[in-house]
1. How many residues does region 49-63 hold that are at negative phi and either without any contact (Cβ under 8 Å) to a residue 12 or more places away in the chain or among the charged types (D, E, K, R) (or both)?
2. Is there any pair with a first residue in region 22-40 that is of a type in the set (Asp, Glu) and a second that is in a loop (DSSP other than H, G, I, E, B) whose Cβ atoms are under 6 Å apart and which are 6 or more apart or on different chains, and what are they?
3. Please enumerate the residues belonging to region 5-29 that are within 12 Å of Pro56 (Cα to Cα) and hydrophobic (A, V, I, L, M, F, W, C).
4. Could you please find all residues in region 22-53 being under 28 Å from Glu68 (Cα atoms) and hydroxyl-bearing (Ser, Thr, Tyr)?
Amino acid sequence: MSEKISVMLTGGPDWAPTVWSVNSVEDEPKVKILCGNAYEHFEFSGFYPDEGERKPVYHWRCRTYVAE
C-alpha cells in the first residue's frame, strides 16, 4: 500500500481545510470534503513549486448540500 500525499486546497470557503491527503493525483483527481451541512468539491489543477518540490494543487469547484 502506498503512502498518502498531502495536497494544497485553494479557492474554497474560509472554513474549508487548506491541506488534504490523497492516495495519488491519478487515483483521486477530485475530492469531496464534508464541511458542516455541505460538501466542498475540489479538483486537481496542476502543480506548483514549493522549495524545490512540486506540490499538487486542488482548486475549489463547487459546493453541494447534504440531502435530508
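We did not get these values from a lab; they are worked out from the coordinates using the rules stated. Because the structure is predicted, anything quoted here is derived from the model rather than measured. No Cβ is skipped: glycine too gets one built from the backbone with ideal geometry, and neighbour counts run over all protein chains shown.
1. So the count comes out to 7.
2. Filtered contacts from region 22-40: Glu40/Gly12; Glu40/Ala16.
3. Within region 5-29, Ile5, Val7, Met8, Leu9, Val19, Trp20, Val22, Val25 qualify.
4. Tyr39, the sole residue that qualifies.
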